[in-house]
Protein chains: 2
Amino acid sequence: MRSAPAPRLLILFDSRRYLTGLTCSANRYTIISPLLTKMLDCSMTNKLFITCILIPLLIFTNSAFAQKTNSNDDYSAYLDEVRTANQFLVHMQQNTPSVLTKEGLMATRKRMMANNSAKPQLQPAVKYILGLAGNIGLRIFKPDTIRAVVLEIHGGGWSIGSAESDDILNDLMARTCKVAVVSVDYRLAPENPFPACINDCKTAAKWLLNNAMKEFGTDKLFISGASAGAHLSAETAIYIRDSLHAINKVKGLNLVYGCFDLSNTPSMRMTTDSTIILSKKYVDETYELVFHGWNKDQLQNPQYSPLYANLHNLAPALFTIGTADPLIDDTYFMEARWKLAGNNTYLAVYPECSHAFNLFPTKMAAAANQKMFQWIIELCGK
Amino acid sequence: MRSAPAPRLLILFDSRRYLTGLTCSANRYTIISPLLTKMLDCSMTNKLFITCILIPLLIFTNSAFAQKTNSNDDYSAYLDEVRTANQFLVHMQQNTPSVLTKEGLMATRKRMMANNSAKPQLQPAVKYILGLAGNIGLRIFKPDTIRAVVLEIHGGGWSIGSAESDDILNDLMARTCKVAVVSVDYRLAPENPFPACINDCKTAAKWLLNNAMKEFGTDKLFISGASAGAHLSAETAIYIRDSLHAINKVKGLNLVYGCFDLSNTPSMRMTTDSTIILSKKYVDETYELVFHGWNKDQLQNPQYSPLYANLHNLAPALFTIGTADPLIDDTYFMEARWKLAGNNTYLAVYPECSHAFNLFPTKMAAAANQKMFQWIIELCGK
């Protein structure tokens, strides 16, 4: 851990795991209480040692994810940069074409790819598996050491984006977490009406559960997705639990600013035309494009809106959201239900951050992505 | 944080949250109490250390509600009794009449009063104020010392219950918190179609804001309500903010297992006929009775479902819920939105407790009611 700690500290460092377990549970009171009492018999040096070193150390030994939220993390130093990025994003979204026209949809799809000018370090391989309606492409990053496989599901309102558009983050995730990342090129709406996308993700999950050990030497699975990708991730996890009966293989879900209620949570009903990235115009048009003619009861069907589903016996989930994202209620509501259903959760909230904030080159983005990677790394070890 | 504290203070400041976590739980007594006992046997140096450093530090870090949730509180000793009470409640709700028949509704209303055989210690006064459709009764408990006024709004699915049915708790609240409790006898559905109840609560709030100082010697206001009463409390607070422009007078809302989304949150859609108190049959019939013919869009109107309303600039709120209450999502979702809108919240969750659990004579009920009273007392001092 650190080089040559003083002998008396060694015990403490050695017992870090033990202390972590203790200090993050309700039982930590039973440790602290006799310590404080015992402190009275100590010399003043020891008193200072306990007060200034031991107690802060106990804080330090708390597992990064024992707290269940990042509310103790201080992001104030990153805020100026976030505000600049937000202004830039507001400027960029002026005069964007309507996705309801063919040209507008194509231009929007093209623009999403154009953001991706950097090159990944690992070379992705592409593999095709047979889906319900032909081949489904899997875009695969394989680092040298593989501790688990991440099924990654890209975002883009079920109608834009591709596995390739997540190359940079997937490459970084593969190398940082030492995981194979398998991104699924599911069919997009409206050409392939919803829920074609869900079916393709299910096919990819089924293939992975049958082939991960052979292909990657591990059957530990994570599911990761942002925005519509988080929606599809939750749908896929429920399918793995109910139809494949293999939820025990799923070690965690990384659910990034997901949409979990297709009928729109309160915050999603309050979008305006100046809402960053998810402007009212874009949201309304995307729903019209993908869910044309669906009524509220259909949109709230637990089969399609996982917020309404039975969430028992799923897997731990990390929820990431920015406070300027109109999907914030989706994350807060889903995190509450996920937790109440008995699953472990971690809620990571980033002040003033917009939808998709982690895709832009800011320190806040790096911190958020790093937290996702750390979370996967920590769960890989379990 | 703060500007450049001395290095050793930094550690203390950093540890503040941790210590707060330690000292704010019910268990803090188990830390402090052996310490104080031990102090008697101490040297003068130790006595000075405890008195001048340790206790001030613990006080500095201590606020009963600093933690924002009761998740560190240990209720396991109360669970057996809760389970017994739950079994009793399940037994009691067999063969209850339908509130959709006149006889069934009258019998249900009568039964709610019959639970109230104990007598309050303070003698309630009844005062009538002029509402939109005649007089509205206010049932008032006045203790000798009055530090604030609580507008109390009873529950009962907008169709049963009365101010009198909350006598015992209102009497206890008045005496424990040293507050005047003013319970409003709003008009019930279906005789007085929804939203007549909301209008009467608004009238009561307006009257209080104009007369509290004269009647009670204070203009500090709290709003408190359980179940439908919590719904009406939220509606009233929004009215005070938007129409009376007097939200600064409202020091807090005590929102007990409230219903905040009339279109039903996911957990409310999962009620069964064995759900305690809020069985599927009772819930369905009550909605049919009160909201007959309303469609989802009407039910989700922010004017009637406060979950969808703008919640900025309201007041601190204490949310209380049992994990066996199908309104649990209403509380979790509303607490999230209330907090995200910038208001202080405290979320008090009681394991295995049903709807209305705090009205029955259990230790868990006493703990929950005590927490409400403590919260009001703490905010009275601010």
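Here, each number is a calculation from the coordinates, and none is a lab measurement. If you're wondering where the values come from, they're calculated on a predicted model, not measured in any experiment. With ideal geometry, Cβ positions are generated from the backbone for all residues, glycine too; neighbour counts draw on all protein chains shown.
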Share, in percent, of DSSP beta bridges within the protein assembly as shown that are antiparallel, nearest 5: 30 percent
Nitroxide proxy distance, nm - points 7 Å out along Cα→Cβ at B:Asp80 and A:Ile50: 3.5 nm
Scaled radius of gyration (Cα, divided by 2.2 N^0.38 Å) that the protein assembly as shown gives: 1.03
DSSP H segments from chain B that extend 24 Å or more along their own axis, Cα-based, with Kyte-Doolittle mean of -0.5 or above: B:196-216, B:363-380
Ascending list, in nanometres, of distances separating the A:Pro193 label from those of the other copies (7 Å, Cα toward Cβ): 3.8
Cross-link reach list, aspartates and glutamates versus B:Lys102, counting only Cα pairs under 12 Å and skipping chain neighbours closer than eight places: B:Glu191
Among beta bridges that DSSP assigns inside chain A, antiparallel share in %, nearest 5: 30 percent
Average other protein chain Cβ within 10 Å of Cβ, residues A:265-273: 3
Proportion of all alpha-carbon pairs of segment B:247-382 beyond 19 Å (%): 54 percent
Lys pairs, segment A:273-382 - Cα-Cα below 30 angstrom, 8 or more residues apart or on other chains: 12
Semi-axis lengths (Å, descending) of the ellipsoid that matches the C-alpha gyration tensor of segment A:89-240: 27, 19, 12
Proxy reagent accessibility, fewest Cβ within 10 Å first, across B:Leu138, A:Leu307, B:Leu359: B:Leu359, B:Leu138, A:Leu307
Label distances, nm, A:Ile53 versus same residue in remaining copies, Cβ-directed 7 Å point: 1.4
In segment B:178-273, GluC sites (Glu not before Pro) in a DSSP loop with at most 13 other beta-carbon atoms within 10 Å: B:Glu191
Ascending list, in nanometres, of distances separating the B:Gln298 label from those of the other copies (7 Å, Cα toward Cβ): 2.3
B:Val179, B:Val150 arranged by Cβ crowding within 10 Å, fewest neighbours leading: B:Val150, B:Val179
Share of Cα-Cα pairs in segment A:101-157 lying beyond 17 Å, as whole percent: 61 percent
Reach of B:Lys127 by Cα under 17 Å, taken over lysines that are not fewer than 8 positions away in the same chain: B:Lys142, B:Lys202, B:Lys206, B:Lys214
log₁₀ of I(q)/I(0) at q = 0.14, 0.16, 0.17 Å⁻¹ - segment A:263-340, Debye sum with one point per alpha carbon: -0.53, -0.68, -0.76
Cα-only Debye scattering, segment A:170-275: base-10 log of I(q)/I(0) at q = 0.20 Å⁻¹: -1.11
Helix-only [θ]222 nm of chain A, DSSP H runs n ≥ 4, -39500 (n - 2.57) each, per residue, nearest 500: -13000 deg cm²/dmol
Partner chain coverage, peptide A:36-45 - average Cβ within 10 angstrom: 5
Cα convex hull volume per residue for segment B:155-201 (Å³): 65 Å³
In Å, descending, principal axis extents of the Cα set of chain A: 78, 48, 42
Neighbour-count order for B:Ser76, B:Ser162, A:Ser263, fewest beta carbons within 10 angstrom listed first: B:Ser76, B:Ser162, A:Ser263
